[in-house]
Protein chains: 2
Amino acid sequence: MVDPQPTPGPAGEVERPGSVGIIGGTGALGRGLAVRWSMAGIDVRLGSRDEARAKDRATALGDQLQGRPGAGEITGATNRAVAVAERLLLLAVPLEGLDAALASLQDLMDGHILICAVNPLTFDDRGPLPAPTAGTSVAGSVAAALPRARVVGAFHTVSSRELAVVERPMDDDVPIVGDDDAACAAVAALADRIDGCRAVLAGPLRLAGSLEALTPVLIAVNRRAGAHVGVRFSRLP
Amino acid sequence: MVDPQPTPGPAGEVERPGSVGIIGGTGALGRGLAVRWSMAGIDVRLGSRDEARAKDRATALGDQLQGRPGAGEITGATNRAVAVAERLLLLAVPLEGLDAALASLQDLMDGHILICAVNPLTFDDRGPLPAPTAGTSVAGSVAAALPRARVVGAFHTVSSRELAVVERPMDDDVPIVGDDDAACAAVAALADRIDGCRAVLAGPLRLAGSLEALTPVLIAVNRRAGAHVGVRFSRLP
């Protein structure tokens, strides 16, 4: 069922990714996506600054999926070891950990596809609000800091809570922004592999700020409705 | 079918709006919403700086709906006359016309509910992108400029093109942000009256920038997919 060899896409890029690495993978989004990708037969390397923590989390997630036929393997390692081993990476660190993560990755990037899912988000007594970013977006800052990475913005609006409810397929569009068509196609393939997710190419990387700014709205809706909403585009063929 | 008398809501506000005014109503969004609201039995006053233009557009839209049972009346007037006559107003001017519109409304606002649907949007050879705004959002600037208006952000993501295709119901959630609960409820009622639209309360006015920033993404998706997409929240009860 699962193709162990990645199939090259029309642009020479991985069309059916066989594995993915997650930088900051022990957080809620990283764990949620790791489980869903594993369920789709994709091997996942979960990264953390703390290797023991990464291994623990990876084992726990693997245990959760035990017995599922065709599940991809979930393993844990340091963030740097993950970046060395994988060409397709998701950056899922919290905003506070971003600068440290970028510094630790800088010398390792060499054409890696780096998916930025970091949401610049803060809270006060009135609820969530967008946190100020250096440029127009976190993804833009990441691209500026890591010029040898091919940065793509995606997975901002996918609920970590819902990802963890593995019995239920997702019901989400995954808007993807980036300037490298082949990298965007690889990320789209990765999104489409999750049951109930649909990749939607949504323009150049300079629109990443629009996706990053959505999360406070989704949280506000969730709080009011007691839900874990996702985003869908209607009238999209 | 249509209740000619607005019913007071639980917060003492209009729950079934009987009429609405549109400032800058001769543009594509204003015309599209005017038609849909008229179809729902709501009377619409279409405003323009140019009274003759407003009347012409109103007549043309009315002609388009002729023969529909229960359609609300669409009339045209100057923006100022619309603001004097209506308590529930939609601000649908283009960004370039915003300052002039605010200046002309300033002395007329007195507890009016003013829905800001203005998108700060610009284009270059790579497509659409968010235009810089004075504060964190256009709606925030409007609220600052018109302290006697009750400003609500809504209708940013609803496609003008699709609104004009009156044979097809819409398929859109309408996220609504604002700090005045009763005003938000009135705007929600107005959104819900459109066939196929669902109002979604989405937090305080300070999140308006997140909704305003979405339009460039929707346009980018549209250009790529040849569609006129809207936004839906999945998993919302």
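Numbers below:
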read-out: Karplus-derived 3J(HN,Hα), 6.51/-1.76/1.60, for each residue of region A:225-237, Hz, glycine and proline x; value: 9, x, 10, 10, 6, x, 10, 10, 9, 7, 6, 9, x
read-out: Interchain or long-range residues, amide H under 5 Å from A:GLY203's placed H; value: A:GLY178
read-out: If the convex hull is drawn through the Cα atoms of the protein assembly as shown, its volume per residue in Å³; value: 149 Å³
read-out: Computed over region A:69-166: relative contact order in percent, which uses C-alpha pairs under 8 Å that are six or more apart; value: 26 percent
read-out: GNM flexibility winner over chain A from A:PRO169, A:PRO120, A:PRO69 (Cα, springs under 10 Å); value: A:PRO69
read-out: Estimated [θ] at 222 nm from DSSP helical runs (n ≥ 4, -39500 (n - 2.57)) normalised by residues in chain B, nearest 500; value: -10000 deg cm²/dmol
read-out: Karplus (6.51, -1.76, 1.60) ³J(HN,Hα), θ = phi - 60°, over region A:176-183, in Hz, Gly and Pro reported as x; value: 10, 10, x, 9, 10, 4, 5, 5
read-out: Formal net charge of residues neighbouring A:ARG150 (Cβ-Cβ distance under 9 Å; K, R +1; D, E -1); value: -1
read-out: Residue-by-residue Karplus 3J(HN,Hα) for region B:92-104, coefficients 6.51, -1.76, 1.60, Hz, glycine and proline x; value: 10, 6, x, 3, 5, x, 5, 4, 4, 5, 5, 4, 6
read-out: Chain B residue with Cβ closest to the axis mapping B onto A, distance in whole Å; value: B:ARG232, 2
read-out: Furthest towards positive pole of dipole, B:PRO69, B:THR59, B:VAL165, structure part region B:47-167, Cβ charges; value: B:PRO69
read-out: Copies compared at A:GLN66 - label distances in nm, ascending, label defined 7 Å from Cα in the Cβ direction; value: 7.6
read-out: Translational D in µm²/s for chain A (Stokes-Einstein at 4 °C, 1.567 mPa s, Kirkwood Rh from C-alpha pairs); value: 73 µm²/s
read-out: Amide H partners (placed H, <5 Å) of B:SER234, local residues excluded; value: A:GLY230, A:VAL231, A:ARG232
read-out: For A:ILE194, distant residues with modelled amide H under 5 Å away; value: none
read-out: Loop-exposed GluC sites (Glu not before Pro) per DSSP, neighbour cap 14 Cβ within 10 angstrom, longest uninterrupted part of chain B; value: B:74-166
read-out: For region A:92-164, convex hull volume per residue from C-alpha positions, Å³; value: 105 Å³
read-out: Nm distances between copies for B:GLY226, ranked from closest, using label points 7 Å along Cα→Cβ; value: 4.5
read-out: Normalised alpha carbon radius of gyration of region B:125-237 [divisor 2.2 N^0.38 Å]; value: 1.10
read-out: Nm distances between copies for B:ALA164, ranked from closest, using label points 7 Å along Cα→Cβ; value: 4.8
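Coordinate-derived values only; no laboratory data. Keep in mind that what you see is a predicted model, and the values were worked out from it rather than measured. As a convention, Cβ positions derive from the backbone with ideal geometry for all residues, glycine included, and neighbour counts pool all protein chains shown.
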